[in-house]
Each structure stands twice: as C-alpha cells, then as structure tokens.
Amino acid sequence: MNRLFLFLLAVLPFVSCDNKAQPDPEVTLYEFPSYKDGEKKGNISYQLLVYSFADSNADGIGDFQGIISKLDYLDAMGVSALWLSPVHPSDSYHGYDVQDYAHVNPDFGSESDFKALVEAAHKKGIKIYLDYVLNHTGKGNQWFLDAQKSTDASTFGWYHISANPAADIAGGKFPMLGAYNAKEWHNVTIGEIGYKGRLHFEVDWGGDIKTLTVSPSSDPAQASNPDTSVQMYLWYGSIATPVRLYRKTESVYEITLDVDTNWGVLVRTSETEWGQHKWGAPAGANVLTLGKPLALSNSDSQDIIFGRATTMKFQGAFGSWMPDLNYGAVATCSQSEPFKALAATADKWINLGVDGFRLDAVKHIYSSETGPENPEFLKQWYDRCNETFRNRNGRDIYMVGEAWLNDAEKLAPYYKGLTACFEFDFWERLKWVLQNRTGRYLAKDLIGYRIKYRAERPDAIAATILTNHDQTRAATTLNRNLDKLKQAAAILMTAEGEPYIYQGEELGYWGKDYDDGGADELVRTPMIWDKASRAAAKYLNGKIDLNLMTDEISVARQKEDSASLLRTYLAWTRARNTCPALASGKMSAHGIYNDGNAAYNSVAAWYMTAPTGEKSLVLHNVGSQSVTLNLTADKLDNPVVSLGEVSVSEGAVTLGGNSSVVYNQ
C-alpha cells in the first residue's frame, strides 16, 4: 500500500475492516449514519447527565424526551449502552441523595416518558443502565423522615442512629462500621416535633447570652408588630414573612401567637436577611422545652425544634445530607429491610425494561474498603437483581461498580461480587503516558491489571474510562492539547475492556472538579448541540465556564469539521464496533516494541485477539517526533483505522507524533 493512501487513511473519516482499496460510503460521517443490526460489537457505553444533556421543552432542564431526540447522535457515536445519572427525585441537582427510588424526577418527564426512552433506545440497539445509590439515601427520603419520628419507627434501624455512636460501635451494635469517625456523625432530632396551638415567645437580648423562652398561653393572639423601629423577628412553620415582636423592656421582646409548625422556630434580627441575622440553637441542643430558656447562637445555628424529642446522631460518610443505610452483618444483609426495599424498587425498573445498573460508591457501603464485606454484599445484590432479570429476559443482568481504588490489586476482589468494575487505573496510567510521552510500559501495565482481575473472576470486565462526573476533565489534564486528546480516544478504543465515553468528552470539554480547586458543576457542563443559548444549563445554577458555552464547540460545528475531536471519536468507535479483534479481543504484548525496548520509549504496541481468532496489531506513538518501526513479521496490508501521519514502506511503519494505526493480521 502506498504512502499517499495511508496518509489519507490518517485524515479521512472512515474505517475499514476488510482489504478494500477505497473508503466505504456507508461510513461517511458528515451525516451521522446509523449502525446496521448487529454491527455494534464493541460494548461502548456513554455516560450522560440527564439534567444537562438535552432539553426538549426549553425549560433549561435536560429530560427523557431530549435524550430520545439525540439517539441518532448516540447511535452514530457507536454506543450500545447509556449510563444515565440518577433519574429519581432527590435533594440535590446531581441526584445522588435520593428521595424516592421508585419514581422518576418530574423535571425529567413522566414515567411514560422514561419508558418511551427505554423502548426507543432498544430499537437502536442501545441498552439503558440506571445509576443506583446503595450506600446512602437523601436526607429527604421518606425512610429517613419516618426514622426520625421515634426510636420505635419501622425504619429507625435502617440507618445508623445512636445517642452514643462511639460506644455502640465498640459494642458491636453496628457491624457495618469500623472505628468511630466523628466527622461522619451528624445531629438528628428523634421524636415528635412541631406544635399547634397558642404560645407566648420572649426573647431576652440583654447580656452576652441571648435566650428564647416559649410557654403555652391563653392570652389573646397578636398580629405582627407594625413598629418598624423594632428589629426582632420570629420565623416558624411555613409562613411567608417573619413576624415582628413587641418591645417589653429595653432588651426584652415578646409576642403571643397561634402557631402551626411541623418543626419549630428561628429568631431573626432582620426582616429580609439571613446570614448573621439568623439565631437558632447550638448544635446538639436544639430541642426546646416549653417554659425553659434556650440559649441562642448565630454560629452554625440549628433549627429550634418544638416537641417531645431528643438529639441523637446519624452516620453519613458523604455529609449530613446523605445518611448511610444500615444493612447489618454482611452474611445476612440480603435479609435486612433496607436491602429488600431497595431490591423491590430495582425490580420495578428491571420490569420496565432497564438493562443494568451502575452502582455508586460501592467501596463505602461497608467501612472496610479492602475487606471482604463489600464484594460479598455486591454478590448478594447482583444475585437478587439477576433473579428478576433472568426471569424476564433469559440472560444475566449487567452491573458495573464504582470502586474508586487506584490500585488493581485492591480493586480485583470486587470482581467476586460483580462482573464489571470501573478501571480508574486506566486513566491514571494513560494520562502519565501522554504527559510523559512514554508508551512502552502501557501494554504491560494493562495486561497485568487484567490478569489480577481474572484471577478473581474469569469473565471479569474492565470498564475503561478517561474521566467521569467526579473528575477533572481529560482536556484540562492534557492542557487542551488536541493531538493528545485524539490519541487518548484512540487508545481507549483499542484497549481490552468495555470503554465508557463521558458526556462532552468527545467534544473536548474541559473543567476542574472540586478536589482540584474548581467545582463539580464545572465538569458537568451541558451539551451544546448547535446554540449555546439552548443548552440544558438550569440545574447547574450558573456554575458554568462561559468559555465553554460557545457555538464553536458545538456538535453541529464539530460534525462538519474533519479535523475535530468528535470526528476522531466517530472513526475510532466505528473501528472498535466493526472489527472483531478490537471489539472483544484480549491484549498481548508485541514481541519487539514493549516495555523492554528503551530505544522506542514513546511506542505503545500490542495485539488484540478475538475469541474467534481474529487478530489486530495496535500501534501508538505518544511522542512528539516521528518513529519508524521495523515490522517485517507483521502484516501491514490491511489497515483498519489511523490517526495522524502514518506511512508504510518495505515492512516498516513510520508514525508521526501522536499518531496511531491498527492493522488486521
């Protein structure tokens, strides 16, 4: 094959898995063609954030109908599954503090809309995976609200709630937990709260300690004080504006009111502002006793609670808004009430047609991240859901776990519970490779990881990713270097495993997450389809890099640009889907260009061999300079796909900087 044709291979948007001497018109990418039945064999998944992906009704919020409208795009991307961010009602925009696992967030559409999405996706050969949170619920979940009513409440034991958590942990009351960690325990009021009736309120503002005394009263109820010179207010129940008190003495204020509140009261020194004007109870002392003065605080002030209640603590590893669930001892966790309740909700979605689940934060469910408990829990969860799935579909369910352990040795045991786990090590190694322009160790490392996984489970699936919604974007890490971003895509699509593409990654989105000094919203930027003004941005509350919100970076612009990152993704995903060795192959090291060949430090080379015997040679030059590889023992007459500058002459391949190529053998 001559140099000119191979150069065209490097820049034209096509791939071929046979020995044709011209591009196949079926893969011209300007029109985003659909895949034919059975073509998508590469098990490529796409992670999308429902709230910021596509807005169908111009309310600024992504929705199910919006996803349906973009299924042609996702099909052209070659994806065979969608991982949806949590679709349930939740306490926060991101959805990971779930209020109700059995229903969908109405901002995203109705349950009928969700079912329509599942059905429409299936028609295009695209599965639907739901993000499921097993470690914790939201603080607004009815299970947790009910648990707060009484220590005898049916769901009280579904959470770790204690008056003395350190002693209870030491005494073995909470077998899921290890050593007491004070940062994970948060105040909660347990008991009957609220009040309906007439009360007299007296605020004593004299001295260093401010107090509130509330007593039952039979005196006439009063309207809010009309004297605007008094700046002392009460906020209670669901009133729209605060009530102004009357001055009793120079430093004492009072009022008698008919109240109806399901919580309690706060004192304010401004009618319109909160901040330092909010006065409540000190942490841990917020239950008010009628007739007894309560010291007020405006430092970390808590709601002042009415009722017969007591202050206890609950465990929430991710903060006070996400209480952790209590499944008890792992040997019997599937018999616990929260396990059974969650499994019942999973059954609903399975019977509605979903194909699997992405399981959030699985290393945190039991406190020992590297002990046997979490894998055992996950096995019981998988088996329970798989029973429902097999009865409905006659095959096994797909589940992938987020066990964020940048250590293959520590990750491997999680395969005892699940067939698939995200391989965070993949990006850790790949970004080092691209930043240091050193490729020769990559194949050895990735092969070594997979050997560890298969030692635990022969059918282990490495779910390979660049980044996700909790990580600084790949484009930021790689300094928005387009050549490196294109090669990252090529390597992702030619490595063993089942790859994931994160929303906007194919467009080169950038952003730093919270851990790197940015904000989580900055790595969850809405998709820009044609006009930035139409993006689903409302849920992000203005935390968006406006430099990203431009029409120039849109799908529409990149689709027409043969040199765009999007077009690179489309070419390499098609190669993976239509070439058996890339789609389902296992990696093996190249005999010459490997970790032991320091003379070719920038070269990453390996073979991919399919279970049916097809074999491909994968070559990547991550350096900035050209390299020429002597490959007389390999077949170079059947190229599959290439990136950058690639040429062949007399059994040698020359790869330009950040160039890649695949040859069928």
Worksheet entry | residue 553, sole failed condition from (1) β-branched (Val, Ile, Thr); (2) crowded, with 23+ Cβ neighbours inside 10 Å; (3) more than 23 Å from the chain's Cα centre (by Cα) | (2)
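A quick yes/no check of all residues on (1) of a type in the set (S, T, N, Q); (2) within 32 Å of the chain's Cα centre (by Cα):
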site: 285; (1), (2): no, no
site: 329; (1), (2): no, yes
site: 334; (1), (2): yes, yes
site: 365; (1), (2): no, yes
site: 370; (1), (2): yes, yes
Practice prompt. Could you list, in sequence order, all residues of region 369-392 that are within 28 Å of residue 160 (Cβ to Cβ) and exposed (fewer than 13 other Cβ atoms within 10 Å of the Cβ)?
Written response: 383
Fill in: Number of positions in region 419-441 that are under 13 Å from residue 403 (Cα atoms), of a type outside the set (Asp, Glu) and touching a strand residue (DSSP E or B) at 6+ places or on another chain (Cβ under 6 Å)
4
Discussion item. Return the pair list, or none, for Cβ contacts closer than 9 Å from residues in region 209-234 that are more than 20 Å from residue 303 (Cβ to Cβ) to residues that are surrounded by fewer than 17 Cβ atoms within 10 Å (Cβ to Cβ) and of a type in the set (A, V, I, L, M, F, W, C), at least 6 apart or on different chains.
Written reply: 216/290
Worksheet, complete the sentence: Picking from 97, 113, 91, the residue that is modelled with pLDDT under 95, farther than 21 Å from residue 173 by Cβ and assigned by TED's automatic domain parsing to the domain that holds residue 520 would be 91
Worksheet item: If you check residue 213 against the conditions, is it outside any strand (DSSP E or B), polar (S, T, N, Q) and not assigned by TED's automatic domain parsing to the domain that holds residue 345?
Response: no
Practice prompt. May I ask you to verify whether residue 409 is touching a residue at least 40 places away in the same chain (Cβ under 8 Å), more than 24 Å from residue 485 (Cα to Cα) and not in a helix (DSSP H, G or I)?
Written response: no
Worksheet item: Where residues in region 365-383 are of a type outside the set (S, T, N, Q) and in contact with a Phe, Trp or Tyr (Cβ under 8 Å, 6 or more places away or on another chain), which of them is nearest to residue 410 (Cα to Cα)?
Response: 375
Response to the item:
For region 618-659, the count of residues that are more than 20 Å from residue 442 (Cβ to Cβ), in contact (Cβ under 8 Å) with a residue 24 or more places away in the chain and assigned to a loop (DSSP other than H, G, I, E, B) equals 6
Worksheet, complete the sentence: Going through (1) over 22 Å from the mean Cα position of the chain (by Cα); (2) touching a residue at least 60 places away in the same chain (Cβ under 8 Å); (3) surrounded by 23 or more Cβ atoms within 10 Å (Cβ to Cβ) one by one, residue 453 fails only at (2)
Fill in: Residue pairs meeting the criteria (Cβ under 6 Å; at least 6 apart or on separate chains; first under 24 Å from residue 76 (Cα atoms), in region 529-558; second of a type in the set (S, T, N, Q) and part of a loop (DSSP other than H, G, I, E, B))
530/554; 532/550; 548/525; 558/564
Worksheet item: If you check every pair at least six apart or on different chains, which have Cβ atoms under 9 Å apart with a residue in region 259-286 that is farther than 11 Å from residue 233 by Cβ first and a residue that is loosely packed, with under 14 Cβ neighbours inside 10 Å and at pLDDT below 90 second?
Response: 260/238; 261/238; 262/238; 280/300; 282/299; 282/300; 283/300
Discussion item. Against the definition (surrounded by fewer than 23 Cβ atoms within 10 Å (Cβ to Cβ) and either in a loop (DSSP other than H, G, I, E, B) or outside the structural domain of residue 491 (by TED's automatic domain parsing) (or both)), how does residue 395 come out, yes or no?
Written reply: yes
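Residue check: is residue 495 in a helix (DSSP H, G or I) and either of a type in the set (A, V, I, L, M) or not assigned by TED's automatic domain parsing to the domain that holds residue 84 (or both)? Explain how you work it out, then say what you get.
Values: in a helix (DSSP H, G or I): no; either of a type in the set (A, V, I, L, M) or not assigned by TED's automatic domain parsing to the domain that holds residue 84 (or both): yes.
No; evaluated as a whole, the condition is false for this residue.
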Worksheet item: Can you tell me which residue in region 595-618 is surrounded by the most Cβ atoms within 10 Å (Cβ to Cβ), limited to those that are within 35 Å of the chain's Cα centre (by Cα) and aromatic (Phe, Trp, Tyr)?
Response: 606
Discussion item. Quick check on this structure: which one of 474, 443, 489, 462 is under 15 Å from residue 408 (Cα atoms), surrounded by 24 or more Cβ atoms within 10 Å (Cβ to Cβ), in contact (Cβ under 8 Å) with a residue 40 or more places away in the chain and in contact with a helix residue (DSSP H, G or I) (Cβ under 7 Å, 6 or more places away or on another chain)?
Written reply: 462
Worksheet item: In region 624-665, what count of residues is obtained for those that are within 35 Å of the chain's Cα centre (by Cα) and either over 22 Å from residue 572 (Cα atoms) or surrounded by fewer than 20 Cβ atoms within 10 Å (Cβ to Cβ) (or both)?
Response: 2
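The values are calculated or read from the model by the stated rules, or taken from the named source; none is laboratory data. Just so you know, these numbers come straight off a predicted model, no measurement behind them. Note that we place each Cβ from the backbone using ideal geometry, even for glycine, and neighbour counts take in every protein chain shown.
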